[in-house]
Amino acid sequence: MECKHCKGICIKKGCQNRRQKYCCKACGRYQQKTYTYKLCTADDDQNIIKLNNIGVGINGIASFTGISKANVVNKIKQLSKKIKKPVITENQQEYEVDEMHTIIKSKSSSCYIIYAINKNTKQVIDFTLGARTKENIGKVISALVHLIPKKIFTDNLNIYPGLIAKSIHSTNQYKTNRIERFNLTLRTHLKRLNRRTICFSKSIAMLESCLKLYFWQ
Ligand SMILES: [Zn+2]
């Protein structure tokens, strides 16, 4: 076999996905005559984001695009790294904060998605993953306080009063309806958050990547 890169001579060396691999004697690079999975193109990048955000899981994306599962996972991580938290310049807005429960790897390891949305625009201001500790919730709240909010609506969790000034805090249960509805949308649109299925996140990094793609792409 002739090398694709330098036209040198390739010899058989090792295999991948039950296919013979060849190693170039001149440049030392590996290649195969035919590949099981295709390479990821720029169009595939867009497809992966789109599919991820409409409730298709890793398996589904892989079989639809013809890219290997491992590659889809890597691509999602890679794409999400490019996404920066949006720079928001607004003040005197109303926000809703909530925590959504999910699991990582097994039922015993629970994780919360703590996030804040603008009540009117429904834009996700910030989010963090982890236990419902003062530290984690504090990260989201400080992003809000930075924007000089008019009011912050939360549930009755006892951590909030210590973080938000009483004058701008409200725990009225009917005032968090936007974010409660957002929770349901999130559960429908991200496969790993679907209820009553065997879908779940294997790692916190992957959950974070998928959320970033959903919130800010
Ligand atoms: Zn070569």
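Using alpha carbons only, what's the Rg to Rh ratio of the chain with Rh from Kirkwood?
1.13
For the chain, set up a Gaussian network in which alpha carbons nearer than 10 Å are linked by springs, and say which option among G14, G55, G66 fluctuates the most.
G14
Starting from the Cα of K105, draw a straight line to each of the aspartates and glutamates and keep only those under 18 Å, dropping any in the same chain fewer than 8 residues away.
Leaving aside aspartates and glutamates fewer than 8 places away in the same chain, those within reach of K105 are E208.
Test of understanding: ordering C3, C199, C10 by Cβ neighbours within 10 Å, fewest first, what list do you get?
Result, fewest neighbours first: C199, C3, C10.
Can you tell me, using C-alpha contacts under 8 Å and at least 6 residues apart, the relative contact order of the range 41-82 as a whole percent?
Contact order relative to length: 36 percent.
List the aspartates and glutamates whose alpha-carbon lies under 15 Å from that of K122, not counting same-chain residues fewer than 8 positions away?
Cα-Cα hits under 15 Å: E90, E94, E96, D98, E180.
As an exercise, find the ratio Rg/Rh for the range 119-189 from alpha-carbon atoms, using the Kirkwood inverse-distance average for Rh.
On the way: Rg = 12.2 Å, Rh = 13.0 Å.
Dividing the radius of gyration by the Kirkwood radius yields 0.93.
Starting from the amide H of M100, placed 1.01 Å from N in the peptide plane, find each other amide H under 5 Å away whose residue is 5 or more places distant or on another chain.
I113, I114, Y115
Can you list the lysines whose alpha carbon sits under 17 Å from that of K33, skipping same-chain ones fewer than 8 residues off?
K4, K7, K12, K13, K21, K25
Run through every distinct alpha carbon pair of the range 94-216 and return the Kirkwood hydrodynamic radius in angstroms, one decimal place.
Final number for the Kirkwood radius of the range 94-216 is 14.8 Å.
Kirkwood hydrodynamic radius, the range 8-81, all distinct C-alpha pairs: what's the number in Å?
Averaging 1/r across every pair of different Cα atoms and inverting gives 13.8 Å.
At a Förster distance of 22 Å, what's the computed FRET efficiency of A70 paired with T185, Cβ-Cβ distance as r, to 0.05? Could you put the intermediate results ahead of the total?
Working: r = 29 Å, r/R0 = 1.32.
Approximately 0.15, to the nearest 0.05.
Taking 1 over the mean of 1/r across every pair of different Cα atoms in the range 41-82, what Kirkwood radius in Å do you get?
It is 9.9 Å.
Hey, which of these cross-link pairs are over 26 Å Cα-Cα: K82/K175; K82/K107; K77/K107? Working shown, then result.
On the way: K82/K175 34 Å; K82/K107 31 Å; K77/K107 24 Å.
Listed pairs above 26 Å: K82/K175; K82/K107.
How do Y35, Y214 line up, fewest other C-beta atoms within 10 Å first?
Numbers: Y35 12, Y214 19.
Listing Y35, Y214 from fewest to most nearby Cβ atoms yields Y35, Y214.
So for E135, E208, E96, fewest C-beta neighbours within 10 Å to most, what's the order?
E135, E208, E96
None of the figures in this text is laboratory data; all of them are computed from the coordinates on show. These numbers were taken from a predicted model, which means no experiment stands behind them. Because the Cβ atoms are built from the backbone with ideal geometry, glycine has one as well, and the counts that use them run over all protein chains shown.
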